[in-house]
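Read the structure below first, then the notes.
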Amino acid sequence: MAFNIYDFTSFTQSIDEALYEWLPPFWALIVEMTIIGLVFLIGYAIIGLFLVYAERKVCAFMQNRVGPNRVGPYGIFQTIADFIKLLMKELVYIKNSDKLLFNIAPFIVIIASFMAIAAIPFAKGLHAIDFDIGIMYVIAVTSLGVVGVLLAGWSSNNKYSLIGAMRSGAQIISYELSVGLSLLTIIVLAGTMQFSEVVELQSSGWFIFKGHIPACIAFVIFLIASTAETNRGPFDLAEAESELTAGFHTEYSGIKFAFFFLAEYMNMFIVASIAATVFLGGWMPFHIGSWEGFNYVMDFIPPLFWYFGKTAFIIWLMMWFKWTFPRLRIDQLLNLEWKYLLPINLVNILIMAFIVLMGWHF
Amino acid sequence: MSAESLILFFIVGAFLVGIALLFSSIVPPTSTNPQKAEAYECGIPTEGLTWLQFNVGYYLFAIIFLIFDVETVFIFPWAVVMKEAGIAGFIEIVIFFFVLGLGLLYAWKKGALKWE
């Protein structure tokens, strides 16, 4: 196979070895951790800022507007300007609010989304931690975010916030089941939860093609459920601005509000990259069976390009949902999950298991 | 990197929020006035307590979720070893799913999934 020309394993390993050669082990560890921390911090900030800008541009495109176009060429520095403005805003505390919980909430949402990034494989050998339970770890960590949302709504001492937080709690925990079960469908096919192995297994074809109809159903369910889990699109009842002002973060001002906003977009990035990794082959190039020439050309496109391309495609789909569908009511939302998605999902896993056992998959 | 280095991600995430909050609580100019500290409920003064009894429907769904989430945790190990477990494992998981489905059906018929 030709795609090891873009293997990052030797690159990261040589940095690691060089550091341990030059420095005593303790300092080498410190320097290495600092480098990794800084790289992820900068990447996190850039992706977050870019997604906010992308959302505004896509929204403008859908509504036949121009969108941000004043700060920098095509307005690309708009979100940076917004960030600086929000950083310079006073932090307002509400009378009778629970100050400790009020301050802890943004920490929880950001830490939850930041820890989830650790397990995502960006390219071969380019991931922070390669867990053998990677998929389960990401599901577990991203669901911690709901604690932050609930705390934010509860501690604000505002009725809109409380209603928003309660809705968001019911919604996120309900749709988490569907996220988990639709990923389980693919785990049945792959037989592993380690992200690097899941991607390697897709070198002969992405799981959405390998798994027949059940994989396609799982993909659609995952898209719906993850849109709901990130409080977006037609499922944004938690911050329904026409009825609840801003939902659970009504009382948050300045940089704290910015963190909730950033966490929402980073969660979107995380679920999109899981969808890209598990269903669409992650950084694996697109291959067609025995077309040697075609496959060979595809191998030359860098894996980072494939990875970000697929992720961007799914993020764009989620933005499209948001600006197309009207918002659901809470009873419709819960009906959709418990009476449709969950039973379909359970049957879907059994069908997939049967197909795999019979050896009918590709 | 090993799993212990997750602590690094925890620290960096906390650092990101902490440093920004610290900056934001020191640098920007502040002003106080009694109206500013009022809860924003679209201009009308807030009425009564906020922390009061809440619609029980949300808690019902939370309880059903708890049951199903624990069941999902049981399915994960099976999914990984599915190919080794073979037909015997498949039949066992079908029975497990059947019981799970009965539970969902029970909750459905009992009206726990109905929003009021």
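Here, each number is a calculation from the coordinates, and none is a lab measurement. None of these values were measured; they are calculated from a predicted model. Cβ coordinates were reconstructed from backbone atoms using ideal geometry, including for glycine residues, and neighbour counts include every protein chain displayed.
Here are some notes:
- Cut-off 20 Å (backbone N to label point 7 Å along Cα→Cβ of residue A:66), residues of segment A:24-58: A:53-58
- Dipole size of the protein assembly as shown about its Cα centre, with +1 on Lys/Arg Cβ and -1 on Asp/Glu Cβ: approximately 1340 debye, rounded to the nearest 20.
- Relative contact order (%) - criterion: Cα under 8 Å, at least six apart; region: chain A: 21 percent
- Here the simple spin-label model places points 7 Å from the Cα toward Cβ, and for residue A:95 and residue A:132 these points are separated by 5.9 nm.
- For chain A, a Kirkwood hydrodynamic radius built from all Cα pairs, placed in the Stokes-Einstein relation at 4 °C and 1.567 mPa s, yields a translational diffusion coefficient of 59 µm²/s.
- For segment A:136-271: relative contact order, % (alpha-carbon pairs under 8 angstrom, 6 or more apart): 32 percent
- Added length on full extension, which subtracts the Cα-Cα distance from 0.36 nm per residue, residue B:105 to residue B:90: 3.2 nm
- Fewest-first ranking of A:167, A:232, using other Cβ atoms within 10 Å as the exposure measure: A:232, A:167
- Taking each DSSP H run with n ≥ 4 as -39500 (n - 2.57) and averaging over every residue of chain B yields -22500 deg cm²/dmol at 222 nm.
- FRET efficiency, residue A:80 to residue A:26 (Cβ-Cβ, R0 41 Å, nearest 0.05): 0.65
- Taking other Cβ atoms within 10 Å as a rough exposure proxy, A:257, A:354 sort from fewest to most as A:354, A:257.
- 3J(HN,Hα) couplings calculated from phi for segment B:98-109 with the Karplus curve 6.51 cos²θ - 1.76 cosθ + 1.60 (θ = phi - 60°) are, in sequence order, 4, 5, 4, x, 4, x, 5, 4, 4, 4, 4, 5 Hz; Gly and Pro show x.
- If you wrap the Cα atoms of segment B:3-110 in a convex hull and average its projected area over all directions, you get 14.1 nm².
- Efficiency of FRET from Cβ geometry, residue B:66 and residue A:7, R₀ 30 Å, rounded to 0.05: 0.10
- Computed on segment A:105-176, the Cα convex hull volume stands at 78 Å³ per residue.
- Part-to-part distance (alpha-carbon centres) for segment A:226-262 and segment A:45-94, which is given in Å: 16 Å
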